[in-house]
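Student: Structure in structure tokens, see below.
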Amino acid sequence: MAFSLDMEDEGVHMFAMETPIIIGVGDVKNRSTRIEDAKEPAVLMHESILAAIQDSNVPDMDRLQADIDSIDVVRTWTWPYPDLPGLLARKLGVEDTLKHKLYSEHGGNQPARLFDEAARRLAKGECKVAVVTGGEALASLSSFAAAKQLPPPGWTPPSQAVDSVFTPTGRDLGTSTPSISSLWYQLSRTHSPPDLGALHDIGAPIHVYPLYENGFRAHRGQSLKANHSESAKLYSEFSKVAQEQPYAWNYGKWDDETVIGTIGKKNRMICFPYPLLMNAFNTINLAGALLLTTTSHARDLSIPESQWIYPLGGAGTKDCDAFWHRPNFHTSPSISRSLDAALSISQTHKSEIDMFDFYSCFPIVPKLACQHLGVPMTGGTKPTTLLGGLTSFGGAGNNYSMHALTAMTRALRHGRRGTKGLVLANGGVLSYQYVVVLSSTPPVHAYPVQNPLPDEITDVAAPEVEREAEGEAVVETYTVEFDRGGRPAKGFVVGRLKGSGKRFLANHGDEGTLRQMAGGAGEICGRSG
């Protein structure tokens with residue numbers, strides 16, 4: 001005997017599910033930084049979309065292009081466009097038939113999130129062919145700025161004035177309320193009063209990721225020397241991958257452990273414990289695009305199945321934006337839950353994943369992902385990057401993981417490394433995460449129709465915060481910012497009051513404390529003061 005619910009029964013949601021697939025990927029690199037060779041981000045993105053169309057091996061490229069009815073664009077750091085998805089639709093000649101367009105918020109999680117949402121729309125029959133794209137031209141823009149030619153001649157008129165180059169992980173973000181880059185200010189300003197981070201001049205990525213590295217090291221009982229060697233080895237392995245990645249900014253170049261681990265004029269300390277070669281490099285000209293459709297439409301277009309790669313599912317969430325309200329500095333609940341939920345919704349066990357690409361603006365992100373999944377941080381048999389990381393491949397703005405998805409697609413098509421891959425996209429200051437799982441073999445389940453995770457994790461307890469702390473305390477984590485001459489400039493402490501257990505933020509109180517924090521001679525986490 002069998003029983004079936006009627007379609008109109010309350011709580012039953014039924015979809016005539018299609019199977020979404022990737023049919024084409026495209027990457028574009030403009031390695032020249034000469035002004036006469038410059039191309040704005042919209043041009044690079046358009047070129048990457050055309051490359052994705054060609055990559056599909058479709059017999060009729062004009063028909064495939066005309067069928068594009070969904071365009072998602074990862075927000076670019078380089079240039080404030082008034083309507084970038086609409087501009088790309090006009091370049092493609094599909095503005096009159098477009099059913100969906102979206103320009104994302106900022107965040108390195110956006111490529112994976114937009115990809116998952118496009119796959120869902122296809123699965124529900126809401127569109128036929130979807131484009132997900134993004135790109136940056138910060139290297140070219142920097143050349144124009146150096147030549148005092150802002151805005152660059154011939155670029156699309158901006159939606160707001162641009163008088164400097166956006167530097168999201170640099171010193172233009174020295175506080176939680178940035179003030180130097182007018183573009184960054186326009187992108188991030190709020191009407192809120194100065195937050196606790198701003199009061200202590202802390203909040204940039206160069207500050208917050210080191211807080212986690214130091215906290216993670218202390219939690220594991222690792223020495224400072226062993227931790228530094230581990231990070232240098234990890235990024236040396238990543239650099240080796242980028243050396244052979246044709247779209248990497250540092251293609252053909254390898255920095256070994258000694259180069260990455262040696263502090264000097266060419267590799268000065270930025271914020272302890274990360275020197276320059278453990279920080280993301282953002283001054284690049286890169287764009288990428290993914291082209292998705294359904295199996296039924298791909299057959300109608302005669303796209304060969306050798307080009308098909310199957311999304312299995314995705315999931316993402318975020319931790320509290322204010323890092324001082326997070327539970328600790330040795331785990332990331334948003335990373336852990338996004339990984340677990342994406343694997344679960346994809347009906348995939350972590351042991352089935354053959355290749356990973358973990359976002360890697362700083363070493364702590366892949367370390368936390370590896371720790372959670374039980375994957376070796378260095379020397380493993382399964383790759384944890386296909387690109388080479390944001391230092392060696394290039395930061396690519398919010399768009400780094402777009403290139404991870406294109407690289408994963410190519411690797412899965414090739415088949416020599418395995419049949420399933422996972423991409424972790426991270427954004428903010430270890431704030432936003434999104435994970436997607438891809439396969440070269442068809443799924444046994446329908447594509448998930450929603451992200452299983454909440455927008456923000458709110459069920460993990462965090463210490464109460466004291467804005468004006470006094471009394472005996474212990475260091476929970478810390479970092480030190482260095483000036484361009486390699487001298488320690490300011491110390492940052494996240495501490496806990498011994499009496500109440502409340503958390504607080506502070507700066508170094510005297511030069512002796514700053515020297516100890518910056519010296520690297522012994523563990524500061526756990527010290528009293």
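The values are calculated or read from the model by the stated rules, or taken from the named source; none is laboratory data. Just so we're clear, the structure is a prediction, and the values are computed from it rather than from any experiment. Positions of Cβ are backbone-derived with ideal geometry, glycine not excepted, and every protein chain shown enters the neighbour counts. In case anyone asks, the SASA skips ligands and DNA or RNA and just uses the protein heavy atoms, side chains included. Shrake-Rupley method; radii C 1.70, N 1.55, O 1.52, S 1.80 Å.
Student: Which entry is the computed volume of the Cα convex hull per residue in Å³ for this structure: (i) 175; (ii) 189; (iii) 145?
Tutor: Computing volume of the Cα convex hull per residue in Å³ and matching it to (i) 175; (ii) 189; (iii) 145 gives (i).
Student: So how do 263-275, 111-123, 85-97, 228-240 stack up, highest first, on mean other-Cβ count within 10 Å? Kindly include the intermediate steps, with their values, before the conclusion.
Tutor: Numbers: 263-275: 18.2, 111-123: 25.5, 85-97: 16.5, 228-240: 22.0.
Packing proxy ranking, top to bottom: 111-123, 228-240, 263-275, 85-97.
Student: Are any of the pairs LYS148/LYS253; LYS128/LYS318; LYS39/LYS367; LYS266/LYS350; LYS240/LYS420 more than 28 Å apart by Cα-Cα distance, and if so, which? Show your work: numbers first, answer last.
Tutor: Working: LYS148/LYS253 31 Å; LYS128/LYS318 30 Å; LYS39/LYS367 35 Å; LYS266/LYS350 39 Å; LYS240/LYS420 22 Å.
Pairs exceeding 28 Å: LYS148/LYS253; LYS128/LYS318; LYS39/LYS367; LYS266/LYS350.
Student: Order these peptides, 511-517, 364-370, 465-471, by their mean beta-carbon neighbour count within 10 angstrom, highest first.
Tutor: Highest-to-lowest ranking by the protection proxy: 364-370, 511-517, 465-471.
Student: Run the dipole for region 109-168 about the Cα centre, Lys and Arg Cβ at +1, Asp and Glu Cβ at -1, nothing else charged, and hand back the magnitude in debye, nearest 20.
Tutor: Numbers: 6 positive and 5 negative charges, 45 e Å.
Roughly 220 debye, rounded to the nearest 20.
Student: Please determine, in degrees from 0 to 90 and to the nearest 10, the orientation of helix 224-243 with respect to the longest principal axis defined by the Cα atoms of the chain, where the helix direction is its Cα long axis.
Tutor: On a 0 to 90 degree scale, this one is about 30.
Student: In square angstrom, what is the accessible area per residue of the chain with a 1.4 angstrom probe? Don't jump to the answer; show the numbers that get you there.
Tutor: Numbers: 21530 Å² over 529 residues.
That works out to 41 Å² per residue.
Student: Further question on the same structure: What's the center-to-center distance, using Cα atoms, between region 279-321 and region 375-433 in Å?
Tutor: 12
Student: Using a 1.4 angstrom probe and counting only protein chains, how large is the accessible area of LYS101 in Å², to 10?
Tutor: 100
Student: Given Cβ point charges of +1 (Lys, Arg) and -1 (Asp, Glu) and nothing else, what value in debye, to the nearest 20, does the dipole of region 407-503 about its Cα centre take? Provide the component values of the computation, followed by the final result.
Tutor: Details: 13 positive and 11 negative charges, 183 e Å.
With Lys and Arg at +1 and Asp and Glu at -1, about 880 debye.
Student: Output ³J(HN,Hα) for region 73-84: one whole-Hz value per residue in order, computed from phi by the Karplus curve 6.51 cos²θ - 1.76 cosθ + 1.60 with θ = phi - 60°, and x for Gly and Pro.
Tutor: Going residue by residue, I get 10, 6, 4, 8, 6, 5, 8, x, 7, x, 7, 5 Hz, with x marking Gly and Pro.
Student: Keeping all protein chains in the complex and leaving out DNA, RNA and ligands, what accessible area do you get for ASP27 with a 1.4 Å probe, in Å² to the nearest 10?
Tutor: Surface accessible to solvent at ASP27 totals approximately 10 Å².
Student: So what is the 222 nm mean residue ellipticity for the chain from helices alone, if each DSSP H run of at least 4 adds -39500 (n - 2.57) and you divide by all residues, rounding to the nearest 500 deg cm²/dmol? Please report the intermediate quantities before stating the final value.
Tutor: Working: 16 runs with 162 residues, N = 529.
Value at 222 nm, helices only: -9000 deg cm²/dmol.
Student: Now, a different point. To check you understand DSSP bridge types, tell me what percent of the beta bridges within the chain (both residues inside) are antiparallel, rounded to 5. Could you put the intermediate results ahead of the total?
Tutor: Working: 53 of 67 bridges.
Restricted to the chain, the bridges split so that about 80 percent are antiparallel.
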